[in-house]
Amino acid sequence: MASENKIQEYLNSLEQQKIMIETHFANMERILNDNPKLDQEKAFALLSNFNTLNIQYDQLCNDMIAFIQIFKDDDEQEIRLYKTEELIDLLEKAVNQI
């Protein structure tokens, strides 16, 4: 039982990290939607931040999937992923305007 609690505690920790990154993605989308004419410095800062977070997000999700496959039943092997396509389109538009 203690082992199951530790497994769930770890999964909860991973989920919190995932939610934090998804919140950053949502904030970036809001910034890009609210400010269609960003200057070069701000656009590149957002793009750089997105690239870093996207790498972390991919790795975190892959770790979660592997962990769930090992430690959870088949019916519990599902995670929700943030759709970044719209954010990527907004970043591309901001960079192309420069």
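Taking every pair of distinct Cα atoms and averaging 1/r, then inverting, what Kirkwood hydrodynamic radius in Å comes out for the stretch 1-97?
Here the Kirkwood hydrodynamic radius works out to 15.0 Å.
Quote the charge dipole size of the stretch 1-52 about the Cα centre in Debye, to the nearest 20; the model charges only the Cβ of Lys and Arg (+1) and of Asp and Glu (-1).
Charge dipole, the stretch 1-52, about its Cα centre: 80 debye, nearest 20.
Taking the solvent-accessible surface of protein heavy atoms with a 1.4 Å probe, what is the per residue accessible area of the stretch 1-66 in Å²?
The answer is 65 Å² per residue.
Would you work out what percent of the accessible area of the chain, with all protein chains in place, is carbon or sulfur (probe 1.4 Å)?
50 percent
Loop-only GluC sites (Glu not before Pro) in the chain, please: DSSP not H, G, I, E or B, and at most 12 other Cβ atoms within 10 Å.
Filter output for the chain: GLU78.
Mind grabbing the accessible area of MET20 for me, 1.4 Å probe, Å², rounded to tens?
110 Å²
Within the chain, which is the longest segment that contains none of the trypsin sites (Lys or Arg not before Pro) sitting in a DSSP loop with at most 10 other Cβ atoms within 10 Å?
Counting only loop sites that pass the neighbour cut-off, the longest clear stretch is 38-79.
How big is the charge dipole of the chain about its Cα centre, in debye rounded to the nearest 20, if each Lys and Arg gets +1 on its Cβ and each Asp and Glu gets -1 on its Cβ?
Charge dipole, the chain, about its Cα centre: 420 debye, nearest 20.
For the chain, what is the calculated [θ] at 222 nm in deg cm²/dmol (nearest 500), taking -39500 (n - 2.57) for each run of four or more DSSP H residues and dividing by its residue count?
Computed mean residue ellipticity for the chain: -28000 deg cm²/dmol.
Fully extended, how many nm does the chain gain between ASN51 and LEU81 (0.36 nm per residue separation, minus their Cα-Cα distance)?
Here the segment from ASN51 to LEU81 would lengthen by 9.2 nm.
Obtain the nm distance between the two label points defined at TYR10 and ILE65 by a simple spin-label model: each point lies 7 Å from its Cα along the Cα-to-C-beta direction.
Between TYR10 and ILE65, the simple spin-label model gives 1.9 nm.
Using Cα positions and a limit of under 14 Å, work out the aspartates and glutamates in reach of LYS72, with same-chain residues fewer than 8 apart set aside.
Qualifying aspartates and glutamates at Cα under 14 Å: GLU4, GLU9, ASP63.
The values are calculated or read from the model by the stated rules, or taken from the named source; none is laboratory data. Just so it is clear, the structure is predicted and the values come from calculations on it, not from any experiment. Glycine also receives a Cβ, built like all others from the backbone with ideal geometry; neighbour counts cover every protein chain displayed. Protein only, heavy atoms only, side chains kept; ligands, DNA and RNA dropped before computing areas. Shrake-Rupley method; radii C 1.70, N 1.55, O 1.52, S 1.80 Å.
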